[in-house]
Amino acid sequence: MSAAGRLEEYRRKRDFRSTPEPSGGESRGQLFAIQKHDASRLHYDFRLEADGVLKSWAVPKGPSTDPGEKRLAIPTEDHPVDYLEFEGTIPENEYGGGAVLVWDSGSYTNQTTGDDGRPVPMADAISNGHVSFSLSGQKISGGYSLIRTGLDDTRWLLIKKDDKHADARRNPTSTEPESVISGLTLTEISEQAGGGERAHS
Ligand code: MN
């Protein structure tokens, strides 16, 4: 399927006359972003570029740097590549309404191998439900796995690998809450939009 075809669900859910979110973008290689999103429930959106789109998972607690912490990751629709830098406030009447900031971003390398030890391309690794990669971000680095659990596609786990970047004492989602692009917090971003601090529903 083309990148445009993969973005059909993303585009169907949004009115681009109303939301400031991007509608497309050109592939730029193996990049990732983790967005903090104050939707009806606060969560982190973990996105990896593969095949011209951003493969996406909603991670309620965000990534951990502790290999002993498995974080639930719920697949969401493919997003356009230009979403890597998207930060702002989605109107409340739009899908996913609420403030978004880029909590971390950088490049990644695919480290997925098959039973025979050979590299597995990202798209295949994702459809197999077992992806292994190394991140090079500003807050998060080193190896992680995304593993599908169960038979349906609704529950995955994001797990830190036990490497030199593993650190059970770090808790970057609470100690480093601000954007890596603007330095702003979610509250500051929603205040910029003129909405002030919004009540959590
Ligand atoms: Mn989200």
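The values are calculated or read from the model by the stated rules, or taken from the named source; none is laboratory data. The model shown is predicted, which means the values in this text are computed figures rather than measured ones. Note that each Cβ is placed from the backbone with ideal geometry, even for glycine, and that neighbours are counted across all protein chains shown.
Quick notes
- Pairs where the first residue, in segment 115-126, is under 16 Å from Leu48 (Cβ atoms) and the second is among the charged types (D, E, K, R), C-beta under 6 Å, 6+ apart: Ala123/Asp51; Ile126/Lys55
- Candidate set: segment 1-18, residues that are in contact (Cβ under 8 Å) with a residue 24 or more places away in the chain and not in a loop (DSSP other than H, G, I, E, B); chosen: the one surrounded by the fewest Cβ atoms within 10 Å (Cβ to Cβ): Glu9
- Annotation: of all residues in segment 13-31 being more than 16 Å from the ligand (Cβ to nearest atom) and touching a Phe, Trp or Tyr at 6+ places or on another chain (Cβ under 6 Å), the one that is farthest from Tyr95 (Cα to Cα) is Gln30.
- From the options Glu92, Glu21, residue that is buried (at least 19 other Cβ atoms within 10 Å of the Cβ), at pLDDT below 95 and over 24 Å from His165 (Cα atoms): Glu21
- The set of residues in segment 87-122 that are within 15 Å of the ligand (Cβ to nearest atom), of a type in the set (Phe, Trp, Tyr) and touching a strand residue (DSSP E or B) at 6+ places or on another chain (Cβ under 6 Å) contains only Trp103.
- Ser56 being modelled with pLDDT of 95 or more and not basic (Lys, Arg): yes
- Pairs are defined by a Cβ separation below 7 Å, a sequence spacing of at least 6 or placement on different chains, a first member in segment 74-99 that is on the phi < 0 side of the Ramachandran plot and part of a loop (DSSP other than H, G, I, E, B), and a second member that is small (Gly, Ala, Ser) and within 13 Å of the ligand (Cβ to nearest atom); the pairs so defined are Pro91/Gly97; Gly97/Ala39.
- Identity of the residue in segment 58-83, more than 10 Å from the ligand (Cβ to nearest atom), crowded, with 21+ Cβ neighbours inside 10 Å and hydrophobic (A, V, I, L, M, F, W, C), that ends up farthest from Ser182 (Cα to Cα): Ala73
- Looking only at segment 32-57, and only at residues there that are among the small types (Gly, Ala, Ser), more than 9 Å from the ligand (Cβ to nearest atom) and part of a loop (DSSP other than H, G, I, E, B), the one that is surrounded by the fewest Cβ atoms within 10 Å (Cβ to Cβ): Ser40
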